[in-house]
Every structure is written in structure tokens, then in C-alpha cells.
1. Can you pull out every residue in the range A:173-212 that is touching a helix residue (DSSP H, G or I) at 6+ places or on another chain (Cβ under 8 Å) and of a type in the set (S, T, N, Q)?
2. What is the one condition in (1) outside any loop (DSSP other than H, G, I, E, B); (2) more than 15 Å from the chain's Cα centre (by Cα) that D:Phe104 does not satisfy?
3. Only one of A:Glu279, A:Glu269 is under 18 Å from B:Glu20 (Cβ atoms), out of contact with any Cys (no Cβ under 9 Å at 6 or more places or on another chain) and crowded, with 24+ Cβ neighbours inside 10 Å. Can you tell me which?
4. Please find, within the range A:1-54, the residue that is surrounded by the fewest Cβ atoms within 10 Å (Cβ to Cβ) out of those that are among the polar types (S, T, N, Q) and out of contact with any Ser or Thr (no Cβ under 8 Å at 6 or more places or on another chain).
5. So, of the residues in the range C:47-58 that are surrounded by 24 or more Cβ atoms within 10 Å (Cβ to Cβ) and assigned to a helix (DSSP H, G or I), which turns out to be nearest to ligand 5 (Cβ to nearest atom)?
6. Being away from chain B (no Cβ under 13 Å) and either under 30 Å from B:Met188 (Cβ atoms) or at pLDDT below 95 (or both) is the requirement here; does D:Gly204 meet it?
7. Confirm whether B:Gly68 is of a type in the set (Gly, Ala, Ser), under 22 Å from B:Ala322 (Cα atoms), assigned by TED's automatic domain parsing to the domain that holds B:Asp169 and in contact (Cβ under 8 Å) with a residue 12 or more places away in the chain.
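The values are calculated or read from the model by the stated rules, or taken from the named source; none is laboratory data. A quick note: this is a predicted structure, and the numbers were derived from the prediction, not measured. We place every Cβ from the backbone using ideal geometry, glycine too, and count neighbours over all the protein chains shown.
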Amino acid sequence: MKKLINDPKNVVNEAAAGFEAAHADIVRVSHDPIFIVRHDAPVQGKVGIVSGGGSGHEPLHSGFVGYGMLDAAVPGPVFTSPTPDPIVAATQAVNGGAGVLHIVKNYTGDVLNFETAADLASAEGIDVRAVVINDDVAVKDSLYTAGRRGVAGTVLVEKIAGAAAERGDDLDAVVAVAEKVNSRVRTMGVALTPCVVPHAGEPSFVLADDEIEIGIGIHGEPGRERIKLEPADAIVDRLLGPILEDLPFDNGDEVLLLVNGMGGTPQIELYIVFRRAAEVLKEHGITVTRSLVGNFTTSLEMAGASISVLKLDDELTTLWDAPVQTAALRWGR
Amino acid sequence: MKKLINDPKNVVNEAAAGFEAAHADIVRVSHDPIFIVRHDAPVQGKVGIVSGGGSGHEPLHSGFVGYGMLDAAVPGPVFTSPTPDPIVAATQAVNGGAGVLHIVKNYTGDVLNFETAADLASAEGIDVRAVVINDDVAVKDSLYTAGRRGVAGTVLVEKIAGAAAERGDDLDAVVAVAEKVNSRVRTMGVALTPCVVPHAGEPSFVLADDEIEIGIGIHGEPGRERIKLEPADAIVDRLLGPILEDLPFDNGDEVLLLVNGMGGTPQIELYIVFRRAAEVLKEHGITVTRSLVGNFTTSLEMAGASISVLKLDDELTTLWDAPVQTAALRWGR
Amino acid sequence: MSVESHTSPDQPQSAATLDTAWTLRWIRQGAEVLAANRPALNTLDRDIGDGDHGENMDRGFQAVLPKLDALADETLPGAVLKLVATTLISTVGGAAGPLYGTAFLKAAGAVAAADGIDAAALVAVLTAARDGIVLRGKAESGDKTMIDSWTPAVDAAAAAHAAGSGVGDILLAAADAAAQGAVDTEPLVARKGRASYLGERAIGHRDPGAQSTALLLRAAADVATVTE
Amino acid sequence: MSVESHTSPDQPQSAATLDTAWTLRWIRQGAEVLAANRPALNTLDRDIGDGDHGENMDRGFQAVLPKLDALADETLPGAVLKLVATTLISTVGGAAGPLYGTAFLKAAGAVAAADGIDAAALVAVLTAARDGIVLRGKAESGDKTMIDSWTPAVDAAAAAHAAGSGVGDILLAAADAAAQGAVDTEPLVARKGRASYLGERAIGHRDPGAQSTALLLRAAADVATVTE
Ligand SMILES: Nc1ncnc2c1ncn2[C@@H]1O[C@H](COP(=O)(O)OP(=O)(O)O)[C@@H](O)[C@H]1O
Ligand SMILES: Nc1ncnc2c1ncn2[C@@H]1O[C@H](COP(=O)(O)OP(=O)(O)O)[C@@H](O)[C@H]1O
Ligand SMILES: [Mg+2]
Ligand SMILES: [Mg+2]
Ligand SMILES: [Mg+2]
Ligand SMILES: [Mg+2]
């Protein structure tokens, strides 16, 4: 394992300290318990939005704290959900009296720890609601699994719910728009290589030199099938097919297309993926009116990518375009 | 070699097509010869700025085309400088009558091809000037080498010169500020792993499991020394020492600190590096007033990072803060 | 190691009731065993999860240890279990943190303010712990989770109690059943937790949470049964 | 393959002057040799550069081929060389593109409008090519660049010409010297190009540009000297 780290135990703390030093204009960092908040939190009268989960998916979530997006992010250890304590503390820190939304990716650990935190925060009189994100179509049936996982679509929920909260929507409305985004976004990913969790020091799974994993989760959980390496276009087709069928997306839809890098994939490859995805959508009569390409929901240094498609309407497009000022996503200010 | 590509020969073309599809609000793409221009080029009366070089360093340069930064980027094949033809075509496409600046990284191929292009464009009556970037302190003496290489500091030159051009500075002034940034920025990098050029299919160099290369170039060229893997803090100290000595940076300086990922390094590691770098600068009485962390000048999927320090003054800070709207760097609009 | 034996030496013996000293010995022994099994649990979790279960459990139990040392002598068993619960909840994270945390919390509730756990109470404690996990995680038997270790343990404990066993033998029966339950997760397809994403590929791998449960219950039995 | 021999068969012979047909044969043969040596040149460049020299040269010469096919029959040698120059400049990129491009451009200038290249002209052509590279790249002998192949070749050509050799033998002398020059780059530390960043670590590796020069000059000699 070769990493630019000191003691694996300090990875999350030291990164938070670096994040604080680099983005003092946007965030403040609490070190014990550890969480990242908007520099101006709590914003009185605004719904607070907290997300979090295991570290190793950066910029998710800390890179999305700031004006127009998250009020706080709670990073757990690498690939391990945070405990309730920092979630409660973050919830308190962003409570401006209008209630707090928890955006939770659908993993047992995240769901349970956020649940406990919500109970504790509610007991202190904070109105807490949770939206659980489960955009990953690779995982099929929640009768047979822990349910669909929350993956890169989370970024879109965070941006759009964040914009709704920023313009003054109340908690019900922010919850509703977050749920709406979650209900209209579908994602599937592919891994070319595994990643190495610092404390483990070994790859979390093994892929042969000519193998890829279709439907990978963002912690290296497997998905649909392990196949031989194929050209990018064929891989894109494998990812987009299930995405389009699932919602389903239809001729005439306007969509946001997100091509997300898993961390170790060069940008040039992400654009090759984007090219083919846009082409396929066009063939289906689906218009890409908004796009996002880059590393947004990563799995450490994993090579691979995911494709997310969000069915837009005027409300979602307006909220997507609204100003945002975070370390990792910024426009309009 | 595992990559999300189709035919290695089409990597640059397909990525450009994807880039065009994703960023039609910001750029237009010429496919033959291949270059990327601002969607509103040429901007009449504004100095045009063109940069370019081998592909594989994305977002450099295409990701920096747009309002307040580059007017055009000319991507060569992976790690190979473009030929003069597309550079000439891009120069023509951005010529708004106020002259064109070429920002060229100091590699023999880039310098020679941009030179030829400048000759040809000048012959057509365009006022072309070039600034050659050579911020890499790993390479010592131009008596014994092709001279210092242009690396991540290039991004800072492009942003600041772009802001000067955008506010209406004339060609002399834009050249002067580009040279000023180049003269005040110093960079050094480290590689933990090599990268694989698509057409080559094999790593460009070999590092043992416990080896790193201090002073790496952005094409995998070696630098100062190959050493055993060390903790991140020790590596940062090795990179910052030569940087600070070189200018030299002094007690009381205000600086921009750029921690740049080489492509395959998780963001969490970049922030660990940033943390230590900020700490060391503080110990030297140097204040970090602006910062940038992320993948800006990459070497495909290489794991590693570089640190750049730019000595700011009021002019440079103002130009750095000016609005920019590109695919990879955006604020203020 | 302190001894609860009230009968003749040279034979394994169990105490009639489990007291605070046993509770402390259990958790300390559990911490030791989990630390020793950290890599093994990580490996099990790497095979069908995300490779951190050993890490998570070890972090939690190591955090408990200094808190045990700081306890007043007169602390009741239920209070010890509650301290374990809150510490696990606030340090383990992941799925295991809330699940084990709830288990210990419910166990503490079952003991209430009693100063000892007799055979009947022991069965109630184990049952409450298991029910707490089911309440939070909604797993059923055969879903390839820690429940597949807990439920056989609870059933074996109840059967041993019905057969007139004392607390030591009840714990032994529970530990044996949990160990077997962990082994029996191997052929299963998972329907809860991360392993559920693996489908058929989970077959042949032991569930890490079932294994940590087996280790913890073995520790409970080991510190109840002492040999002079 | 067309034959320029004016003397008896069964013996290697050279033409007195090199004409358009030779020029075309040279470039076609050069393209073939460079294509065959693409991996080898990439490997040399990977050792001390960025691994693309074979790629670059092959891309350029492959781009030249269809243009040669489209040439009118009466095209002069100088015009062929100029076409090669502009095509290399616009297709090779990297350091090698402008350098080889300039070499062919200067060579074309030295031939001017002559319809054949005699021994004296050949030396002038080679000298002009080398000088063009120096003008653009500013390398000196011993800097571990293609100049270390070109300069020995030019010197050997001049010496052969002074000794009264014809164009075939001059090209042979040049090719031999270029080949030796490429080998002689191996012990050098580079002071130009990417290899200069390697310092002492460049020692033991042959310069890829010197090697491609040797290959091209060998092709020039091979197509001048024909055996029936
Ligand atoms: N819904 C559930 N009910 C019961 N146990 C569960 C459930 N989900 C997961 N588990 C248990 O948790 C274990 C994994 O714990 P751990 O690795 O610490 O957490 P995470 O899965 O968040 O990384 C699994 O092996 C399984 O025994
Ligand atoms: N300044 C120079 N003068 C002469 N030849 C040079 C110079 N710089 C580089 N070269 C030659 O160019 C070769 C490398 O060409 P190539 O790999 O195609 O370009 P790049 O270095 O841009 O990748 C070197 O092996 C060397 O012979
Ligand atoms: Mg986990
Ligand atoms: Mg090159
Ligand atoms: Mg786990
Ligand atoms: Mg090269």
C-alpha cells in the first residue's frame, strides 16, 4: 500500500485539518467530535442539511458543505459510517430553528447511526427528518438485499435540496424535493481496479488484469457481474441500459447526466464515457440539458466510473442552477 | 492496462467530443484540427490566450477554457505536444484584434511547436507572444538540462493572465503578468506510482512497492531522487524545502498554496498534504491567503501530488479572485 | 483472574449467579479476544463486506476498557452493560455499532437493577439482546447476519435452562450454539447487510458479525467457567 | 523496386546522382523501417523519455505515404523533401516533429530545384539537415540527442566525398557513422530533451532520436545501393 498518509488512524482527522486550512472562507471544522459546518452556521430560519457517512468518498460529503448545499458533513472512519455523537453535534450546530434534514445513503450502518442520532436530536427538541438515498440500480430487490445503495446520485440530492433550503423552503418542502430527486435519479457504476482502505493495507477485493466489475458499489461491494474488460462504449451501454429501463426514462425526457469518477480514473476517460452516454441518450430521444463530469463520489483510488441520470423538470433545473459555493461545486458566486 | 477507452488512437478525439457535449455552455470544439475555444471566441478587443500541450494532464488545459481564463486549449496526443497546425488555427480562432498570448510549458516539443505556430500566425498578421512556464524546482540547472519544466504552476499563470485579459489589459500587460506569476511560483512533485500511456499499454517507469520518486515530472520524467516510501509529512517537507529556498520565500510573505493531485491520489490524501504544507509555511512566517486543492495538472492515473507556492501581491490576489467560468475552475459567476 | 467458584477445586464449576465481577471479566476478555481476532474479522468482512468489522469491534471494545477501570466498585451488572452499550454506540459506527449497542442496551434493561444474573435472568438477557438487534436490523434467521449466531445461542440457552443447567452451562451451551451458528452462515446467501449485494457469491463465506457474536459469547462462557 | 544501377549486374552499385525515384524509395523505406521499429523506439524513449518517440515518428511517416502516392511524376527531389518536411511538422508533434521537419525543410532548400543530387550536393543536403536541427534545438555534440547521430554522419559523408566516393558510398558511410553515433550516445548524460532530467540515470541508455536518425540514414543507403 502506497499512500500519502501518516498514521492510518489519523487519516480522517488530518484531512479535516487540511480541509479547514484550505477552505476557511467556506467552512469551520469541529475536531471532537469531528464534523464540518458552513462557516456561518447556524443560519437562522433556514432548514439545516446534514449528510455524512464513511470517509473515502471525497469530495462527498465535506466538499459539498457551503452556501446552497450542505450545512454540515459528518465523516466517519474510512468506509465506516460515523457514530451518532458527531451526527447529533452537527445537527445541533446547523439548527437554525427551521428543522434539520439528514441525507443518508442507504447502507445499514449509515441508516442505523443516523436513526439513533435523529432520535437523540429530536429528544432535544430539534425537528429532524431523514431522506435515505438509494439510486444504485445495480442492486435489484430489497426483498433479497439490504436494498439499493446510495451512490453518486447523492450529490444531486444534496445540491438540489441545498438550493431549496437556501431559498427558504420549509422542512416539508426540502424533504419533498430531496425525495423527488431520489425518486428520479438512477445510477450504475463499474470498477476497473479495487481500492485499498488505509487501515487494511490490502485491496478490498481482487480483479484479474482483464476483469472489471459491473455494478460496483462505492465501497467495492460487488454488483451485477464480473466480466472481461471491454471497450468504453460497450461498458457505457451496459451501465445505461439498466438505468434507462429502471425509472424508466422516456423519449422526450430532459435529464441531467452525471459521469462520476471513482477516484483513480483520468478525466480524459470520464469524458470518453460522457460522450458515449450522451450519444445513447440522444438515440433514445432523451435530451441532456445539464451535465456534470468529474470525481464527486469516489472510492479512494479505485479506477472506474458511474453514470447517473436524473429526470429534470423546471423546478429541479432551477434549483440545480441556483448559486452554490462549496469546495467541490461552485457557481453563481 | 485497464482503461475506460475504445481505440487508444481515438482517446483525445473522443474525450474532446465528450467535453463538447458536457460543456456546450462554455466551449466550442473544433475537431479537425482539434482545439477547444470559448463559446464566444473571438472576443473583440480582448487579448486571446491559448495554451496547449500533450493530453493526459486534464483538466489542464481544456478544463480551463472559458470566461476569465483561456480562450483556447490545444490538446496534443497523450504526452505529446500538438503540432503547429491546430495551434495556428486556435490562435486565429481567438484573435479578437488585440493579439494572442501563448502559454507554453517548458518542454522541447511544446516550445518548438508553439514557436513554429507563432511564426506562422505572425506571418498572417496576428500579434503573438509566448510565455514559457518553468516552475518545477526539481530540475536544477538549464546549463545541464532542457531547463526547468512547466508543471502545476501553469494553472496559476493561466488563471491570473486570463483575468488580466478579461478585464481588458493589453498584450504587453498580459504578457507581463504571466511572466510575473511564472517568476514567483515554484513547484515540486512526488510520484507513488507510474501511469500508463494508452498507446504504450505499459507503465512509463517502474517504482518498487516501497519506492517513490521525489521531483517527478508530469510525464513521469524522473526528478531528484528515488527513495523509500515515507510518511506524508516527511514527503511534504522534502518537497517544500527546495521550493521555499529557491525563490526564496520569506517571513512575511503572503502566498497561494496549491496542492495538486497527479490523478490517482484520493482527495483525502491531498488534504493531508495541504495540512502539513500549511503548517510548515506557518513555521516560516509565511501566510497562506489563497489555496487550491485538487486534480488540476495530472499525469493520467499516476498516484502522487505536487505542491506549488505562489508569492502573492495585491495585483495577483485581485486577479486570482476575479470571476472565472471554466469546466474545472469556477467562481464569481 | 478472580474466581467465582463455590465448590471443590480441580473441577470446572459455574457460579449460581453472574455478578458484576463476571460482567467485567466478560467484557475485558471480549475486548482481548476481539483484538486478537481483528485481522481475522477484517478478512471475513473483506470477503463479503467492506473489510472493517474487526477494526470496528476492536475500536469499540478498546474504548470500553478505560471506562471499566474507572467504574465504582459497587456498580451493578446492568450499569456495566449499559456503559458498554453507550460506548459501543458512540465508537463503533458502521452497522455493528448500533446493533451491538442496542443488544447491550436491551441486555442492560433486562438485568435492570438486579445485583446478579441467575439462570432465568441470563436467558432473558440473551433474548433481550437478540430481540434488540432484530428490532433495529430487521434481519430474519437465515439472512446471514449476526442473528444467525444469536438466535441459536438464545435457543440453546433456553433449552439448557429448561433442562436445569446453571449459568455456566447455559453460557457454554449458548457459546457452542453461536459458534455453530457462525459456521452455518457459510452456505447462506445474504439478505441483509453489505453481503447481500454479493448474491450467490456470498456462499462459502462466514458472516463476520456472526463470528464476532460467537467470539463474544465464548468469552462470556470462558470467564464464567473457571478451572483451579 | 526500381533500379538506378547503370553498371554490370551481380555487384552492389550506386547511382551517380540520386533522383526523385530514390527520394521516394528512401522515404517509403524509412516509413517501413520506422513502423517496424515503433515498439523499439518507444521502449528506448520510455527508458529515458516519455515513451512516444516510435509512435511520433510512425505517425508522421505514415501520414507522408499517401501524399507521396499522390505526387505528379515530374516532382523534383527537393519538392518531395519539402512535402516530407511539412507533413512531419504537421503530424509528428513532440520534439521530434519540429526537429525532423526542419531537417527535411533545410535539406529541401539545399537541393533547391535540381533534378538530381550528386555527391557534393548530398554532403550539402546532409549538412543543411543537421544544421537545421541545431538551429532549432540548440543541441551540441555529446548532449545525447539525434545530433550525436547526425554530426558523425555528416562528417563521414564529407570525408567519403573528399575521398572520391559516389553517392551510394557516401550514404553508406553516413549510415554507418550514424549507427555508431547512436550506440555512442549510450554512455552519455543528456543535456537536452526529456532525458536531461534523468541526470546520471540516463547513462547506459541509447537516445531514441539518435536511433531513429540512424534508421533513416540506413534506409537512405539501402535504397541507393541495389543488388541484382
Ligand atoms: N440488518 C442487519 N441485522 C443484523 N445484523 C446485521 C445487519 N446488517 C449487518 N449486520 C451485521 O453486521 C456485520 C457487519 O458489521 P460491520 O462490518 O462492522 O459494519 P458495516 O457493514 O457497516 O461495515 C455483518 O457481518 C452482519 O453480521
Ligand atoms: N534540443 C534538442 N536538439 C536535438 N534533438 C533533440 C532535442 N530535444 C530532444 N531531441 C531529440 O528528440 C528525441 C525525442 O523525440 P520525441 O520522443 O518524439 O519527442 P518528445 O521528447 O517531445 O516526446 C530525443 O531522443 C532527442 O534525440
Ligand atoms: Mg463499514
Ligand atoms: Mg512526447
Ligand atoms: Mg464492514
Ligand atoms: Mg518522447
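1. Within the range A:173-212, A:Asn182, A:Thr187, A:Ser204 qualify.
2. It fails just one condition, (2).
3. Numbers: A:Glu279 fails: crowded, with 24+ Cβ neighbours inside 10 Å.
Residue meeting the stated conditions: A:Glu269.
4. Initial filter on the range A:1-54 (among the polar types (S, T, N, Q)): A:6, A:10, A:13, A:30, A:44, A:51.
Remaining after also requiring out of contact with any Ser or Thr (no Cβ under 8 Å at 6 or more places or on another chain): A:6, A:10, A:13, A:30, A:44.
Numbers: A:Asn6: 18, A:Asn10: 14, A:Asn13: 17, A:Ser30: 17, A:Gln44: 9.
Only one residue tops the list, namely A:Gln44.
5. Quick first cut of the range C:47-58, residues surrounded by 24 or more Cβ atoms within 10 Å (Cβ to Cβ) only: C:48-57.
This time we only want the ones that are assigned to a helix (DSSP H, G or I), so: C:48, C:53-57.
Values: C:Ile48: 9, C:His53: 5, C:Gly54: 9, C:Glu55: 8, C:Asn56: 7, C:Met57: 10 Å.
The residue in question is C:His53.
6. Numbers: away from chain B (no Cβ under 13 Å): yes; either under 30 Å from B:Met188 (Cβ atoms) or at pLDDT below 95 (or both): yes.
When the stated conditions are applied, D:Gly204 passes them.
7. Values: of a type in the set (Gly, Ala, Ser): yes; under 22 Å from B:Ala322 (Cα atoms): yes; assigned by TED's automatic domain parsing to the domain that holds B:Asp169: yes; in contact (Cβ under 8 Å) with a residue 12 or more places away in the chain: yes.
Criteria met by B:Gly68.
Every residue, every condition in (1) in contact with a strand residue (DSSP E or B) (Cβ under 8 Å, 6 or more places away or on another chain); (2) within 30 Å of C:Val189 (Cβ to Cβ); (3) modelled with pLDDT under 95, yes or no:
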| site | (1), (2), (3) |
| --- | --- |
| C:Ser2 | no, no, yes |
| C:His6 | yes, no, yes |
| C:Gly30 | no, yes, no |
| C:Arg46 | no, yes, yes |
| C:Asp52 | yes, yes, yes |
| C:Val84 | no, no, no |
| C:Tyr100 | no, yes, no |
| C:Lys106 | no, yes, no |
